[in-house]
Amino acid sequence: MNIGLVATDLDGTLLRGDKSISETDLAMLKHLGEKQIFRVVATGRNFRKVKEVIPDHVPFDYVAFSSGAGIYDFRNEQLLYSRNISSEIVNKLSEWLINKGFGFFLFQEVPFNSHCWYYRGKNSCEEFDRYFDSHSDMTERLPESGRVSTGACQFLVIFKYAGQFFELKDELVQHFDDLKILRASSPFETGYIWMEIFHQDVSKGNAIRFLCDHLNVKREATVGIGNDYNDLDLLDFTSFSYLVKNGPDELKLKYRPAPSNEDNAFSYCLHRHL
């Protein structure tokens with residue numbers, strides 16, 4: 001079957017360490033367009049952060065941003081899809097995390113989710129401060145009441161150890177059955193683990209499923225490329241799924257192997273299907 005849609009993660013997958021796209025991969029993107037194959041970004045970045053690394057001349061058709069909480073049509077310059085957590089659940093979860101002593105970032109609803117509130121927990125965290133310092137112009141303190149008047153795109157909680165992540169995840173699953181909990185490695189490459197909490201329908205895989213239905217592309221005609229735990233839903237949905245060499249070792253037996261993001265992994269994967 002001819003390929004109809006390609007979905008790729010950005011950081012650690014398509015983007016090199018300096019956040020650039022190689023000339024080889026850029027040429028492949030253009031070639032895919034010539035063959036009328038849909039080109040999709042599937043990333044944990046919000047849309048503002050996507051635009052920082054994907055200039056207008058880079059030929060993508062769609063962006064599934066914030067792990068699929070929003071989908072943007074590049075050609076027609078419009079938001080196709082969004083899914084946010086209701087204000088009721090947002091305030092309930094905020095109260096629960098505050099009572100547990102956790103610090104967190106709470107991102108506003110799509111499409112305004114480049115802005116967020118923050119709450120500092122009982123214990124200081126270098127990674128929390130690192131994220132705050134790099135986004136201070138887009139953050140504001142959570143109201144003293146701990147409540148907000150709108151829904152939200154997502155929560156971000158940061159951990160130093162995997163055990164802490166899984167402990168909180170087990171508790172959340174027991175108390176909230178309408179949320180999606182994703183694990184991501186720190187983009188600062190510090191070894192910290194990020195917990196991203198979304199509406200239960202949010203995932204990169206669901207975003208690509210939505211686009212396949214929207215574009216009338218069969219699942220069997222899809223390629224997915226990723227590098228981390230938050231790409232699992234994407235790679236489990238696409239028919240031909242690749243994990244780059246710089247991904248976690250424990251995931252490498254599950255997906256097709258690809259070179260590292262520094263070695264034109266994107267082009268390598270697509271050459272095998274064209």
For segment 124-135, how many residues meet the condition of being over 19 Å from the mean Cα position of the chain (by Cα) and not in a helix (DSSP H, G or I)? 2
Assess whether ASP233 counts as being under 20 Å from ASN113 (Cβ atoms), at pLDDT 95 or above and out of contact with any strand residue (DSSP E or B) (no Cβ under 7 Å at 6 or more places or on another chain). yes
If you check every pair at least six apart or on different chains, which have Cβ atoms under 8 Å apart with a residue in segment 105-133 that is more than 26 Å from SER87 (Cα to Cα) first and a residue that is modelled with pLDDT of 95 or more and in a strand (DSSP E or B) second? CYS125/ILE158; GLU127/ILE158
Test for ILE208: is it in contact with a helix residue (DSSP H, G or I) (Cβ under 6 Å, 6 or more places away or on another chain), under 30 Å from SER87 (Cβ atoms), surrounded by 22 or more Cβ atoms within 10 Å (Cβ to Cβ) and β-branched (Val, Ile, Thr): yes
Find the residue count for segment 136-162, including only residues that are crowded, with 19+ Cβ neighbours inside 10 Å and either outside the structural domain of LEU172 (by TED's automatic domain parsing) or assigned to a loop (DSSP other than H, G, I, E, B) (or both). 2
All-but-one check, LEU93 against (1) without any contact (Cβ under 8 Å) to a residue 40 or more places away in the chain; (2) on the phi < 0 side of the Ramachandran plot; (3) out of contact with any Ser or Thr (no Cβ under 9 Å at 6 or more places or on another chain), failing number (1)
Considering only residues that are under 21 Å from SER124 (Cβ atoms) and either assigned to a strand (DSSP E or B) or of a type in the set (A, V, I, L, M) (or both), which ones fall in segment 163-195? LEU168, ILE193, TRP194, MET195
Among the residues of segment 60-77, are any under 17 Å from ASN230 (Cβ atoms) and of a type in the set (Val, Ile, Thr)? yes
Residue list for segment 182-193, filter: touching a residue at least 40 places away in the same chain (Cβ under 8 Å) and in contact with a strand residue (DSSP E or B) (Cβ under 9 Å, 6 or more places away or on another chain): LEU182, ARG183, ALA184, SER185, SER186, PRO187, TYR192
Members of segment 132-178 that are over 24 Å from LYS92 (Cβ atoms) and hydroxyl-bearing (Ser, Thr, Tyr): SER134, SER136, TYR161
Output the strands (runs of 3 or more DSSP E) that fall wholly within segment 55-123 and possess 1 or more residues being hydrophobic (A, V, I, L, M, F, W, C) and surrounded by fewer than 18 Cβ atoms within 10 Å (Cβ to Cβ), or say none. 78-82
From the options ASP9, ASP18, residue that is outside the structural domain of ASP137 (by TED's automatic domain parsing), of a type in the set (D, E, K, R), buried (at least 20 other Cβ atoms within 10 Å of the Cβ) and within 21 Å of GLY247 (Cβ to Cβ): ASP9
Quick one: LYS254 ticks every box in (1) surrounded by 17 or more Cβ atoms within 10 Å (Cβ to Cβ); (2) of a type in the set (D, E, K, R); (3) in a loop (DSSP other than H, G, I, E, B) bar one, so which box is it? (1)
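The values are calculated or read from the model by the stated rules, or taken from the named source; none is laboratory data. This is a predicted model, so every value here is computed, not measured. Note that each Cβ is placed from the backbone with ideal geometry, even for glycine, and that neighbours are counted across all protein chains shown.
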